[in-house]
Amino acid sequence: MATCPSCGKEIRDDIWTCGYCGAPVSKTGGGAASEGPGGGAASEGPGGGALSGYGYAPGFEPRPAGAPASAPAAAPGGGLSRTTLMILIAAVVAVVAIVAVWFFFLRTTPGGQEYLGTWTALDQKTGSMIVAKENGDFKITMVSPTGTKAGPFKGSLKDDALELKLEAANGDKTNKAIASVLKTLYEAALQDPQLLLTVNQSNGYLIFTIKGKGSDGTPVSAVAAEFTKSTPLP
């Protein structure tokens with residue numbers, strides 16, 4: 001067995017290149033290789049190396065032990081690689097999909113759907129309430145226990161509640177007169193009165209709350225009635 005003059009490993013006598021470090025093996029008994037397998041001088045390859053005569057491909061030089069592998073070639077012209085480009089395209093598609101869902105679904109489905117329907121008061125003496133929506137506007141009708149209707153009145157979302165405004169939702173003169181009388185009564189009892197409807201998430205009841213300020217400016221808040229939904233609206 002011969003010994004590699006470069007790394008000292010034992011190698012076969014019939015090979016021209018060390019299988020451990022890739023160094024050429026001299027067949028003259030030592031020193032750098034001066035002859036190729038055919039007995040002639042080792043010729044230089046296109047890459048400038050002197051190892052083509054020892055079984056290396058033209059232009060190939062052995063990589064020293066422990067040297068890092070070469071980095072992958074960049075895209076032609078210094079642009080983005082195909083993988084990076086595909087990732088960017090996928091990200092753009094995802095963003096477009098999210099915006100489309102928001103614009104076509106969420107944006108065209110305004111809140112307040114939980115208020116729609118016919119609500120019956122837990123106290124039978126209070127009557128019921130009908131909350132509807134037409135052309136994006138809420139309309140609230142109050143029904144007495146005997147079936148007499150007042151309204152519809154305008155409604156609008158305010159924070160986490162639906163505010164019942166004492167304004168007629170149509171041009172009916174009787175409805176306008178009723179709204180005017182109710183507004184006068186509430187303003188006589190409270191400063192800045194607010195009639196608010198909220199849905200209790202725990203039991204699904206519709207809570208009718210009256211808020212405002214007393215004559216001395218003290219905040220006032222009282223639950224006027226609680227309703228349970230009897231007929232949901234589409």
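A short reminder: the numbers here are calculations on the coordinates, not readings from a lab. What you are looking at is a predicted structure, and each value in this text was computed from that prediction instead of being measured. Positions of Cβ are generated from backbone atoms using ideal geometry, with glycine treated the same way; all protein chains shown enter the neighbour counts.
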Here the FRET efficiency for Ala91 versus Ser202, based on Cβ atoms and R0 = 45 Å and rounded to 0.05, is 0.65
Between Ser156 and Gln113, what is 0.36 nm times their sequence separation minus the Cα-Cα distance? Round to one decimal in nm.
14.3 nm
Report, by chain and number, residues whose modeled amide H sits under 5 Å from the one on Leu190, excluding near sequence neighbours (fewer than 5 apart, same chain).
none
Excluding residues fewer than 8 positions from Lys229 in its own chain, the lysines with Cα under 26 Å of it are Lys125, Lys133, Lys139, Lys149, Lys154, Lys158, Lys165, Lys211
